[in-house]
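J.: If you scroll down you'll find the structure; I have some questions about it.
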Amino acid sequence: MSASVFARNRAAVLALCAAVLSSTPAGRGAERLAASAAQLRRGAARDLAAGKLLVAARSLPDPNFAESVVLLADFSQEGALGLIVNRQTEVTLARLMPGLENAKSRTAFAFLGGPVAVPGVLALLRSPTARSDTRHIVGDVYLVNTREVLDEMLSSGAAQNQLRVYVGYAGWGPEQLDQETAAGSWHVLEGSGDVVFDPDPDTTWQRLIRRTEGLSVKHLPQTGAALPPSRKLRRTAEALAEAVTAEW
């Protein structure tokens, strides 16, 4: 076939090649694999609920959520709200909340909960007993969203493995998170206090993504070093911290 003939019939030739490939055992296997992957993603979207963990897929393009692990605090037809639990900032609680007497001596660092700013902060508490002045999320994890309760927790001397403070949150509109999950942007796991209060949050995502993808650790690079946060994320954390400080 001459080049000019091929050019005139390029679309037909490519369609024929695609049909031939799909009819081969390898082509049919690829189709089945793609169909299975799509089914798994649709199943993951059906698993979305408050208390679940979202693990960002390797291919997720949004830098606000790249390599993030999110605890869903609320999920309904109106949308979803969550906190990124693996982004510790360099902002101390003393700097973040100078108006709270019990925060002045705290050297623990706040976490960047997401790109959406709020007038104040949110916190997650790990408690073996239920508290009526907090909102139960999953297992022994509770959401603190009032200044009074947070001040009480700080005054009780709660350590960072019991109490973590978050600046900002992650939010999605109606069906937005469902669509992102069905598209493969998120893996959905059962919530766990051990993950939320991981003592090494900088490597939480790396460990969870390996488990989620069913990959053996020996097949992946063992650098042992956490990826540094981008400058953009540092600026986001600083900006949100400044806004919160003005409120508190």
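Nothing in this text is a laboratory measurement; each read-out follows from the coordinates by a stated rule. In this text the structure is predicted, and so the values were computed from the model without any measurement. Quick reminder, even Gly has a Cβ in these numbers, built from the backbone with ideal geometry, and neighbours come from all protein chains shown.
J.: Enumerate the amide H contacts of Ala50 below 5 Å, restricted to partners 5 or more residues apart or on another chain; note that Pro and chain-start residues carry no placed amide H.
T.: Counting only residues 5 or more places away or on other chains, the set is Phe75.
J.: Further question on the same structure: Length gain on complete extension for the stretch Thr107 to Gln77, per 0.36 nm per residue less the alpha carbon to alpha carbon distance? Mind showing how you got there, number by number?
T.: Working: separation 30, 0.36 × 30 = 10.80 nm, distance 3.92 nm.
Going from the current span to full extension adds 6.9 nm.
J.: What residues from the stretch 107-131 fall in the zone where the backbone N is under 17 Å from a label point 7 Å along the Cα-to-C-beta line of Glu90?
T.: 107-112
J.: Let me ask something else about it. Specify the inter-centroid distance of the stretch 53-67 and the stretch 84-141, based on alpha-carbon positions, in whole Å.
T.: Cα centres, the stretch 53-67 to the stretch 84-141: 22 Å.
J.: If packing is taken as the mean number of other Cβ atoms within 10 Å per residue, what is the order of 67-74, 150-157, highest first?
T.: Values: 67-74: 23.2, 150-157: 16.4.
Ranking, from highest mean packing down: 67-74, 150-157.
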